[in-house]
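The values are calculated or read from the model by the stated rules, or taken from the named source; none is laboratory data. Bear in mind that the values here come from a model prediction, so they are computed numbers and not experimental data. Note that each Cβ is placed from the backbone with ideal geometry, even for glycine, and that neighbours are counted across all protein chains shown. Each accessible area value is taken on the protein alone, full model and side chains, heavy atoms only, with ligands, DNA and RNA left out. Shrake-Rupley method; radii C 1.70, N 1.55, O 1.52, S 1.80 Å.
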Amino acid sequence: IGFITNFEQRDLVAFNSMVEFLTGFTYKVYFIHLSNDSNQWDEIQIAGVKEYFKRQYPDLESSYCVINGDDLINNLNNFITERKLDTIAMNSRKRNIFSRLFNPSIANKVMINTKTPMFVFKG
């Protein structure tokens, strides 16, 4: 499972919902952060998230990845293909009408441009 995250609190809540939903299944999770540029702050956040998940979910097999570049959706699709991911999960938040019109969400872009099944959590 590829879990797309921005390292926000609501992503952690969505991830907990996913874990509860998938109780009884064995799976590996790739935590994926999409970024337009390489940022040292992303690496610091990943280190914090790793420690959190190691404490919260000690039996969970996980890996962490930052996908950079101008063509994030294509890079994400390449990552999905290379890692042979079965599904993508992500949190979608409520946005106002102007945000939805002029700046489509990552969830919508991923949903339209990938053939991989998705879990989208409202948060």
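Observations, loosely collected:
- Each of Lys84, Lys115, Lys28 has its accessible area taken with a 1.4 Å probe; listed largest first, they run Lys115, Lys84, Lys28.
- Sequence of Asp86, Asp11, Asp37 when ordered by accessible area, the most exposed leading, probe 1.4 angstrom: Asp86, Asp37, Asp11
- Accessible area in the full protein assembly, largest first, 1.4 Å probe, for Val29, Val19: Val19, Val29
- Residue-level accessible surface for Ile80, protein heavy atoms, 1.4 Å, Å²: 10 Å²
- A simple rule links phi to the HN-Hα coupling: the Karplus curve 6.51 cos²θ - 1.76 cosθ + 1.60 with θ = phi - 60°, which for the range 44-50 gives 5, 5, 4, 4, x, 5, 4 Hz, with x for Gly and Pro.
- With DNA, RNA and ligands ignored, accessible area of Leu72 (1.4 Å probe; Å², nearest 10): 20 Å²
- Phe79-Cys65 pseudo-label distance in nm [points 7 Å out on the Cα-to-Cβ vector]: 0.6 nm
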